[in-house]
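Participant: I'd like to ask some things about the structure below.
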Amino acid sequence: MVGVSAIGPGADPERSASILREWGITGFSHIADDGRVGVLFDVFGTPGMAVVTANGSVASRTGDPGPGGYDDLINAARAMDA
């Protein structure tokens, strides 16, 4: 899992890193995106997420995932591999 903590050309990676430390968000890598990574995975806003399977299938969503949204996105990506 990779967390993208800043999106857009005006993003402040240092501020994002500070927030991650303050909130104790750990356990996986984080990147600061200037917008290029989000475009690659069709994530154009926040909150946004993409799931990439080991086979390279990508499912993405922009907006609040809602209840079960993460599981739904994972299942959608896995279904592309089937």
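Any read-out appearing in this document is the output of simple, stated calculations on the displayed coordinates, not a laboratory observation. Being a predicted model, the structure only gives us computed values, none of them experimental.
Participant: Show the residues, 5+ positions off or on another chain, whose built amide H is closer than 5 Å to the amide H of ILE31.
Facilitator: Close amide H contacts, sequence-distant or interchain: GLY3, VAL4, SER5.
Participant: Step by step: find N for the range 42-82, compute 2.2 N^0.38 Å, then divide the Cα radius of gyration by it. What's the final number?
Facilitator: For the range 42-82, the normalised Cα radius of gyration is 1.10.
Participant: What residues have an amide H closer than 5 Å to that of GLY48, excluding those fewer than 5 places away on the same chain, when H is modeled at 1.01 Å from N in the peptide plane?
Facilitator: GLY63
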